[in-house]
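Note sheet for the following structure.
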């Protein structure tokens, strides 16, 4: 076992998923686990699936408790992680699953979060295609700070970026509607997350341009398109499943010369060699069930000529490729390990 | 009991819902029930909820079996109903829950259905706002033939039509993404509708401009907008619930003078007096659970200024307001009964 | 509208279901609605399905607020209702959906609830078959106080009582295992009721003879069997559905002379004339979906000769026949109205 | 990669789960995959989660197609596997996930299956505690034929066997009620397995002593108890989840000297060293979500003194520990590999 990993915020869903993945990782071992209000309790009380770690006690989340590890992964509410990270040594690899260090634009941060910007870290979405060639992956080897993307952001970005990078679709009128599992909202004890409210129900939230993932998606799509302004209508909906995001994303075709062939070719080229992002065979559409528990995104795209739009769809598990798997994948890259090490590709379906 | 109603296709989900509603209707009584492959079996074998009708035998679907009733409701696959309806007397009220008589444009029919057009009937969406004032309701009193709308169509139309009728939104770039319960697909025995495939899964279908509800939505929105061409990107997704449609619909604002106030006013004006369509208070978004089993649509709308779009959302029960309730509502109107007679407004939540 | 009904505890699930049923009742009208911590808020904030009552304000739960109605229905935690009921006039019909007044045995109350017994009221399960003939229904006309049964209790009692009343099964080794929807647990904000924890999960709770519904079931089965002691193993399990209880109950056959015929005859005789309890045709087993939203119990029974046991199964909706419907049914009886008035028999399936 | 494995019946759910596990196994590699009616199609068309095998073609299920592998796993309907296995060489390890070779009692086979008995194979439930010491595990090293247990059987056996082996509970009146996910029923295209019928519904099936898993459970419990006759009431219920079995099993305490301590001690002793069967800490009850996708059983037990019974509960994933994981675990043992090799212990929760 090469390196030890401390987890801050280990009592939550992202924390549990990080621990599940680390238990199966050949080079990363579980170190200290911390929590806020649950400090002093055992992991077993919060994660019945983690049998092997059931007796581990959650320590209070402090820089001291996290010290002495090779890697620290923060699974904390936004605001909390910036403060904590500042107290961790520079040569420790710190990955932040929260939002604090994702945005490069301080004004966008202030507009959507209402607090001072903590600065930005290398962004942990290796498969993000960049305009002019290359991918975000190149920024990660040797990094000691990584901002893990938001789960909705990953789904929308992976669905659409190839079209922007190649110029076959336009960035000025993107519409994304997502079907989201409830674990993305964490363990917040609010009535609308009760099982009785969710089962049999679909409902939207954060409608009308206010969701905090919007500037992060725009940032990614701007990188893909080479700097263009991105106009985005973004609506997440809660549907009755624990895990999973299905992002349906449409954007306008850029011109008459763009057809199904050039569109497909753009996506094929982007993802042909990706171990975790798969363009499905034509005619087959993603289902979130197929990526459950896997660090995998399934993507499909088609052209609606009458509407003058592409429709691109991506399915991910919000806790795996959407959060914990992305953190481990980025840790692998930062540490110089094989990118895919210890990460499941096959979903637990049906 | 004023009138008797025969149901063709009574073994399916729409048929079962029609019977549930008729059992509670003070002026419409259940007459003959028919089926195709299930003829000879009892209703009890197919609809365990219909205790009071459990011993009724399904007769073969023929014009003879349906004769002698005041009302005939057809819940048949498209193609089947046109042929049958042609054999029924002109003075019998016939409501077709299938697609055969919804479209006025024969070319659109041929393009999406690939068969000859059977002609169009008065369209059973009373709340459809028409350009220049008035609603579709006015076409129904005294009608002896009614085309019941498609369930997805009802959701998208009710969500967006007020904005088109008042000109605050534009018809040229409408995007609709729907979260749909499985009962809309009927009892088809196909693997992708098995419970094991659906639970825990969200997936799109009929993507890219091929869904047969598209021309019907365009027809309605054209009526609302006063004849403009409607460009529509339409993507339905299956989510793990038996009933319910949540339609998230966005369209561009028409100009700088249009703001949240004028948008809200358009929707308020359209639905202020509607018994079955409710614009929710600001800040509260529709959930399909709230309309389960009810002939009710919940609607909300907001303006995303950065995206230059309205986002309008409607929730309905696909089997009630989406199909069987719409048929009964239209039958009430056609027969001169109170429009709301016998129809539930309150959903079965949680 | 004959009588007005005040609801205490109207912000909860039982309160919402009471209001749904009252809205459809021809002789009972909604009066004051009260709540504890939610007082001052509107019904619309808690029950999106109750469109017609959305603007009603919840008043604080006090005897004063409840005064001046013909009927008061209490949907409160146990302990709260006894105190409040004592302050209401004797001639007002008070129905308690909580546990305070269900048990006749003060010692059993103290053993399971740990507080002083508030005394018992006429018990609102009209279909409970009593040993020696008669049913519990006879105790309700003219009553001014009614204890509404527990939801699990209703399911287990209706499943098994006919066998005890006729002596074909023995009371000394009853085993009941229930699959329960989450709404029975109310809106408690506890992690194990979060949607993320419930979907995809089945788990038992209150195992090993500690559930508070046990003495109430024993009381009912004792009444059915003519005073015999009832030994009961009772295990409820939470399964991923909002509503519904499926009770699987087994008890030993009393002798060699008892066979499938005499067992079926016992159940047929008990329920032949019941409007809300239906023994299904042989070979067809209850499903909770068929009773969703209905004041209906579906029951089936069979003999397992090798095991020497009957297996009796009942399905109810915990909020309707299990709580709110039972309250309205008892109110009908107490007020001299037709027992079935305003109560739905048909479930909302699929 | 040490050994190659052929899968017969690879298009079904058990086949898919076998392939998922084999993809992660360091010593077993995927060889030929076969199917019956789906022969000629690709795995990708049936198992969207198996991205790495998407292009593999399903061959027809014949002895020829399966030849030349070290291991053959049969995931076929009962009846089919006996015939096929007879054509495979004696020195190839054959594991049958079907029922054909599980029962040692030919009369019991005929009574429940109605056909001639194919004979019995070493039984692949390593953790089955045997009366007088030892476990079923000892029968597996070097075996070339293994009968993989039924999924319900595994859950009930693991829940109760320790009590019978130590004599603290009696075998003469066992009652088991199970909450079962739908994938246990496979991909059968029958209406009652449609998502619309299952979601929101709990219902029993094969009630009254007719389920084919009964004699297999009795056989196991007889082995645990040292030969006593086992009387069993067994009722499975379908609940709305794709995977998972929660078995609630009760049996009578054997005497006054038996208390909570001796009961807990019996279970602790049985499972203290088991890698895949975990007795939970007192007060914590199993949930199927915690074992999703894992080859793990969670078990808990308590004493209900008033009822004179233990209540023992086990949760497994029917496709993993219930079928495919059990096959791989037995293959590991038969081949002399570490028993736990390549098998996940941690469930994918929430």
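What follows draws every value from the coordinates through simple rules; no lab data is involved. Computed from a prediction, not measured in an experiment: that's the story for all the values here. Reconstructed Cβ throughout: ideal geometry from the backbone, glycine too, with neighbour counts over all protein chains shown.
Provide B:188, A:242 in ascending order of the number of other Cβ atoms located within 10 Å of each residue's Cβ, fewest first.
Working: B:188 12, A:242 30.
With the sparsest Cβ surroundings first, the list reads B:188, A:242.
Given R₀ = 25 Å, what would the calculated FRET efficiency be for residue B:341 paired with residue C:340, taking r from the Cβ atoms and rounding to 0.05? Don't skip to the answer; put the middle values down first.
Details: r = 20 Å, r/R0 = 0.81.
Using R0 = 25 Å, I get an efficiency of 0.80.
Provide the FRET efficiency to the nearest 0.05 for the residue A:172-residue C:282 pair, computing r from the beta carbons and using R0 = 56 Å. It would help to have the intermediate numbers written out before the result.
Working: r = 66 Å, r/R0 = 1.18.
Working from the Cβ atoms, E equals 0.25.
Taking 25 °C and 0.890 mPa s as the conditions, I'd like the Stokes-Einstein D for the stretch C:282-340 in µm²/s, using the Kirkwood hydrodynamic radius from alpha carbon pairs.
Details: Rh = 13.0 Å.
Once the numbers are plugged in, D ends up at 189 µm²/s.
Kindly identify the stretch C:31-156 as rounded, prolate or oblate by the Cα gyration tensor criterion: order the square roots of the eigenvalues as a ≥ b ≥ c, call it rounded if a/c is under 1.5, otherwise compare a/b with b/c, prolate if a/b is larger, else oblate.
prolate
For Cα pairs less than 8 Å apart in space and 6+ apart in sequence, what is the mean separation divided by the residue count of chain A, i.e. the relative contact order in percent?
Values: 851 pairs, mean separation 60.6, N = 350.
Result for chain A is 17 percent.
If you count, for every residue in D:44-54, the Cβ atoms of partner chains within 10 Å of its Cβ, what is the mean?
On the way: counts 3, 3, 1, 5, 17, 15, 5, 12, 4, 1, 4.
Across the residues of D:44-54, the mean count of other-chain Cβ atoms within 10 Å is 6.
Calculate how steeply helix B:260-271 sits against the longest principal axis of the alpha-carbon atoms of chain B, using the helix alpha-carbon long axis, and give the answer as 0 to 90 degrees to the nearest 10.
The helix B:260-271 is inclined about 20 degrees to chain B.
Quick one: divide the alpha-carbon radius of gyration of the stretch D:141-250 by 2.2 N^0.38 Å and tell me what you get.
1.17
Report the per residue volume, in Å³, of the convex hull enclosing the C-alpha atoms of the protein assembly as shown. Mind showing how you got there, number by number?
Details: hull volume 237.8 nm³, N = 1400.
Per-residue hull volume (Cα only) is 170 Å³.
What's log10 of I(q)/I(0) for the stretch B:152-316 at q = 0.19 Å⁻¹, Debye sum over Cα points only, no solvent?
-1.20
Quick one: compute the contact order of the stretch D:152-316, relative version, from alpha carbon pairs under 8 angstrom and 6+ residues apart, as a percent. Each step should come with its number before you reach the end.
Values: 342 pairs, mean separation 53.3, N = 165.
Contact order relative to length: 32 percent.
Need one number: % antiparallel among DSSP beta bridges in the stretch B:152-316, to the nearest 5. Please report the intermediate quantities before stating the final value.
Numbers: 24 of 34 bridges.
Antiparallel: roughly 70 percent of the beta bridges in the stretch B:152-316.
Tell me, D:59, C:41 in order of fewest to most beta-carbon neighbours within 10 Å? It would help to have the intermediate numbers written out before the result.
Working: D:59 18, C:41 13.
So the ranking, lowest neighbour count to highest, is C:41, D:59.
What does DSSP give for the protein assembly as shown in terms of the percent of beta bridges that are antiparallel, rounded to the nearest 5? Could you put the intermediate results ahead of the total?
Working: 106 of 222 bridges.
If we restrict to bridges inside the protein assembly as shown, about 50 percent are antiparallel.
Name the most mobile residue of C:155, C:39, C:224, meaning the one with the largest mean-square fluctuation, in a Gaussian network model of chain C with Cα contacts below 10 Å.
Taking springs between Cα atoms under 10 Å, the residue moving most is C:39.
By how many nm would the segment from residue A:190 to residue A:24 lengthen if fully extended, with 0.36 nm per residue of separation less the alpha-carbon distance? List each step's numbers first, then the result.
On the way: separation 166, 0.36 × 166 = 59.76 nm, distance 3.28 nm.
Taking residue A:190 through residue A:24 to full extension adds about 56.5 nm, to one decimal.
Two-decimal Rg/Rh of chain A from alpha-carbon positions, Kirkwood Rh? Numbers along the way, then the final one.
Numbers: Rg = 19.4 Å, Rh = 20.3 Å.
Ratio value, two decimals: 0.96.
Note down the relative contact order for the stretch A:80-235 as a percent, whole number, built from C-alpha pairs under 8 angstrom at least six residues apart. Provide the component values of the computation, followed by the final result.
Details: 231 pairs, mean separation 41.1, N = 156.
Computed value for the stretch A:80-235: 26 percent relative contact order.
Which value, to two decimals, describes the C-alpha radius of gyration of the stretch C:147-190 once divided by 2.2 N^0.38 Å?
Working: Rg = 13.8 Å, N = 44, 2.2 N^0.38 = 9.3 Å.
That ratio works out to 1.49.
Could you work out how far helix D:151-165 tilts from the main Cα principal axis of chain D, as a 0 to 90 degree angle to the nearest 10?
40
Averaged across B:207-217, how many Cβ atoms of other chains sit within 10 Å of each residue's Cβ atom?
Details: counts 11, 14, 9, 3, 0, 0, 0, 3, 0, 0, 0.
Going residue by residue through B:207-217 and averaging, the value is 4.
Would you mind telling me which residue in A:15, A:255, A:68 has the biggest mean-square fluctuation in a Gaussian network model of chain A, where springs connect alpha carbons within a distance under 10 angstrom?
Answer for the Gaussian network model of chain A: A:255.
Tell me, B:183, A:120, D:225, A:233 in order of fewest to most beta-carbon neighbours within 10 Å?
A:120, D:225, A:233, B:183
Can you give the % of DSSP beta bridges in chain C that are antiparallel, to the nearest 5? List each step's numbers first, then the result.
Working: 26 of 55 bridges.
Once the DSSP bridges in chain C are tallied, antiparallel ones form about 45 percent.
Working from Cα positions, state the angle (0 to 90°, nearest 10) between the long axis of helix C:13-23 and the longest principal axis of chain C.
Approximately 80 degrees, to the nearest 10.
Of D:256, D:138, D:90, which has the largest mean-square fluctuation in a 10 Å C-alpha GNM of chain D?
Highest fluctuation among the options: D:256.
When each copy gets a label point 7 Å from Cα toward the beta-carbon at residue B:105, what are the spacings between them in nm, shortest first?
For residue B:105, the other copies' label points sit at 3.8, 7.1, 7.4 nm, shortest first.
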